[in-house]
């Protein structure tokens, strides 16, 4: 497997892995923002875990009437929840005869705790495009896969939706994905 960094000086977080059966375009999350900015932070999947942890602590405090557990456990749970819900990396894996897979890794920089994957078959993939969206006063570019299911309904899957890389990186990925997919068909 070959690993390549197309922009080593300007975008070192972007790397391309090429193998005989697949091409992976990966972007590592290197941002150090707060939890509510665009830093690859996800709220809903860990909310249930946080609520259950808080309820169990409150139950223990209510039974023992010992508030020191509560004062120590709440910041610990919040810190772990914050750290475990960070996006480590996002990637698009192109498997030429089959389709593309969108992958998001969550956890710590050195340890992945959770991975979400979405496979889009080549038969339902209509196109991969660079689109632009307005966010406040800014224009943000993002890579999107246009998918049409068997019933004819069309949907858009945003690639790198948590990290949102810069336009030159998106353009490199766009050209490479189109090159690989055009050779496959």
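Coordinate-derived values only; no laboratory data. All values reported here derive from a predicted model rather than from experimental measurement. Cβ sites come from the backbone with ideal geometry, for glycine too, and all protein chains shown count toward neighbours.
In table form, for the structure just shown:
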quantity: Exposure proxy ranking, count of Cβ atoms within 10 Å, fewest first, for 108, 22; calculated: 108, 22
quantity: Backbone N under 19 Å from the residue 122 label point (7 Å along Cα→Cβ), restricted to region 131-160; calculated: 145-150
quantity: Exposure proxy ranking, count of Cβ atoms within 10 Å, fewest first, for 9, 127; calculated: 9, 127
quantity: Net lengthening on full extension, residue 71/residue 140 (0.36 nm per residue, minus Cα-Cα); calculated: 20.7 nm
quantity: Two-site FRET efficiency, residue 131 against residue 80, from Cβ-Cβ distance with R₀ of 41 Å, rounded to 0.05; calculated: 0.70
quantity: Neighbour-count order for 81, 137, fewest beta carbons within 10 angstrom listed first; calculated: 137, 81
